[in-house]
Amino acid sequence: MSAQQRWYRELSFYQWWVLIVATLGWLFDTMDQRLFVLARSRALEELLGPQATPDNVSFFSSVATAVMLLGWATGGLIFGTIGDRIGRAKTLMLTVGTYSLFTGLSGLSLSWWDFTLYRFLTGLGVGGAFAAAVTLVAEEMPARARPQALGLLQALSAIGNIAGSLIGFLLLPVTLQVAWPAVPEGQWHGWRLMFAVGMVPAVLVVLVMFTIREPEAWVAAREAAKKTSRSFGGGLHLGSWGEMWSDSRWRRNTLVGVWLVLVGAVGLWAIGFWSPELIRGHILAHAPKEHQDRVSSLATALQDVGAFFGILAYTWITAHIGRRRAFALSFVLAFVVTLMIFGFMNQEWQIYVATPLLGFATLAPFGGYAIYLPELYPTRLRATGTGFCYNVARYLTALGVFFMGSLTVLFASFGVSEPFRWATVSVAFIYLGGLLALPAAPETRDQLLPE
């Protein structure tokens, strides 16, 4: 067995426990994302009432998605800085509690606007969890095991997506009779049940609170910041946005990180995560709704299985060819795959073949973000920088999602056949734009974390 394969032998029991807890925090986060992707159209069909035309449902679905991404970005910025100032474990606890609470409340929505508000608030926690989880793992793992541990954390997040898809498969077609006046006709539809299940991650808050301590690297950085702050003229500061932008090295890394994440996030949220709409509205447009929901839920589960292997493949590839080449390969693959699927898939049997490939291609770059972003910053800025890159890109991604929805409406107004397909294919060219950032991206393979 090679040294590369034996990285896991270097981990102590406590380091394994940190990896498990952080992975669960991010896994339940991605489960929430999948629940929303599957439930949003059915939720808005009910909440819009008489206004629930197909065009309105599509438009308000894109609005709710864009607003959640805005919350995601805002939460990432806020909790990223908090993570550097109060600690990684405490921040992970806060973020998991936030997205669990508002996921549950989403199932109690009475109109499209409070549903959208709950999605914004859920996004706050979702955005903060990633930076807290990956910085905690990056600082707790041995240097040689760090890339593999972070790649495993990101790959296992696909299990959260799969769980969300299976929950949708079981619950989305279900309707229960309830005695609650606020529910139309006394019927509790499956999308509400799905969001209720999404509250389960709250249990993780207790685990984090009592079992995880702050990494020694962060504790040392906090003490160093305290000592330097006592001297005249200031010194090093935890979570300082000023230092992140005033230092040319961190500024360059930040711009590169934002652009790389933007490409993958737009490709995923404006294209890849709209596979249920492709299936329901185009491939199975004439099938019964129950069949549409079952197939779309099963398809997203297959998509998530592909994502799991895509992230693992990226982790293996980047260890051999480096960060920049791995990003280039993944962006080109994602472009080709999304173009083929959203442009040409039109039969049910193709769904079961193509969606795993879609997940593999569109999620592979996210394995790179988990590994690469923490490698761009010193300990005192690691959560802030990681959160900034991962979540400022979300603001622009929200615009990308809204642009995709608006582009669909624009193509339809010109009488274009299948405007949704044309819109998604047009947005897919964002992947080629990712290649432009790579010449400026520092190569960090086999290097220690900066200090």
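Which cross-chain or sequence-distant (5 or more) residues have an amide H under 5 Å from the amide H of W188, H modelled 1.01 Å from N in plane?
L176, Q177, V178
Tell me which chymotrypsin sites (Phe, Trp or Tyr not before Pro) from the stretch 365-442 have a DSSP coil assignment and no more than 11 other beta carbons within 10 Å of their own.
Details: sites: F366, Y369, Y372, F388, Y390, Y395, F402, F403, F411, F414, F420, W422, F429, Y431; in loops: F414, F429.
Qualifying residues, ordered by number: F414.
Cα axis of helix 112-140 to longest principal axis of the chain: angle in degrees, 0 to 90, nearest 10?
Here the helix axis deviates by roughly 30 degrees.
Given the rule -39500 (n - 2.57) for each run of at least 4 DSSP H residues, summed and divided by the residues of the chain, what is its mean residue ellipticity at 222 nm, to the nearest 500 deg cm²/dmol?
-25000 deg cm²/dmol
Any idea what the relative contact order of the chain is, in percent, if you count C-alpha pairs under 8 Å spaced at least 6 apart? Could the numbers behind the result be given before it?
Details: 807 pairs, mean separation 107.7, N = 451.
Averaging sequence separation for qualifying contacts and normalising by length gives 24 percent for the chain.
Taking trypsin sites (Lys or Arg not before Pro) as candidate sites, keep only those in a DSSP loop with at most 14 other Cβ atoms within 10 Å, then name the longest stretch of the chain containing none of them.
Working: sites that count: R6, R213, R230.
It runs 231-451.
Any idea what angle helix 146-171 forms with the longest principal axis of the chain, computed on alpha-carbon atoms, 0 to 90 degrees, nearest 10?
The two axes meet at around 20 degrees.
Just to check I understand the Karplus step: with θ = phi - 60° and J = 6.51 cos²θ - 1.76 cosθ + 1.60, what whole-Hz values come out for the stretch 50-60, glycine and proline as x?
x, 7, 7, 6, x, 5, 5, 4, 5, 5, 6
With angles folded into 0 to 90 degrees, how steeply does helix 88-106 sit against the dominant principal axis of the chain? Use alpha carbons for both and round to 10.
Tilt of helix 88-106: around 10 degrees.
Which aspartates and glutamates, if any, have their Cα less than 13 Å from the Cα of K289, not counting same-chain residues under 8 positions apart?
E45, E277
Separation between the A328 and V219 pseudo-spin-labels, each 7 Å from Cα along Cα→Cβ, expressed in nm?
Result: 4.3 nm between the two label points.
F309 to Y14: extension gain in nm, 0.36 nm per residue of separation minus the Cα-Cα distance? The partial results should precede the final answer.
Numbers: separation 295, 0.36 × 295 = 106.20 nm, distance 2.66 nm.
Between F309 and Y14, full extension yields 103.5 nm more.
In whole Hz and in residue order, list the ³J(HN,Hα) couplings for the stretch 435-443 that follow from phi through the Karplus curve 6.51 cos²θ - 1.76 cosθ + 1.60, θ = phi - 60°; x for Gly and Pro.
5, 5, 7, 5, x, 8, 7, x, 8
Leaving ligands, DNA and RNA out of it, report the carbon-plus-sulfur percent of the accessible area of the stretch 322-416 at a 1.4 Å probe. Present the calculation step by step, with values, prior to reporting the outcome.
Values: 2410 of 3170 Å².
Looking at the stretch 322-416 in its full context, I get 76 percent from C and S.
Amide H to amide H under 5 Å from G87: which residues, 5+ apart in sequence or cross-chain, H placed 1.01 Å off N in plane?
Amide H to amide H, under 5 Å and 5 or more residues apart or across chains, G87 pairs with nothing.
Per residue of the stretch 350-362, in order, report the coupling 6.51 cos²θ - 1.76 cosθ + 1.60 (Karplus, θ = phi - 60°) as ³J(HN,Hα) in whole Hz, putting x for Gly and Pro.
My calculation for the stretch 350-362 gives 5, 4, 6, 8, 7, 5, x, 5, 4, x, 4, 6, 7 Hz in order.
Can you list the aspartates and glutamates whose alpha carbon is less than 17 Å from that of K227, not counting same-chain residues fewer than 8 positions off?
Straight-distance partners of K227: D84, E216, E451.
Give me the net charge for the shell around L108: Cβ to Cβ below 14 angstrom, other residues only, Lys and Arg +1, Asp and Glu -1.
0
Rounded to the nearest whole Å², what accessible area per residue is found for the chain with the 1.4 Å probe? Don't skip to the answer; put the middle values down first.
Working: 17350 Å² over 451 residues.
Per-residue value: 38 Å².
The values are calculated or read from the model by the stated rules, or taken from the named source; none is laboratory data. Bear in mind the structure is a predicted one, so any value in this text is a computation, not a measurement. Neighbour counts are summed over all protein chains in view; Cβ atoms, including those assigned to glycine, are modelled from backbone coordinates with ideal geometry. Remember, those area values only see protein heavy atoms, side chains included, never the ligands or the DNA or RNA. Shrake-Rupley method; radii C 1.70, N 1.55, O 1.52, S 1.80 Å.
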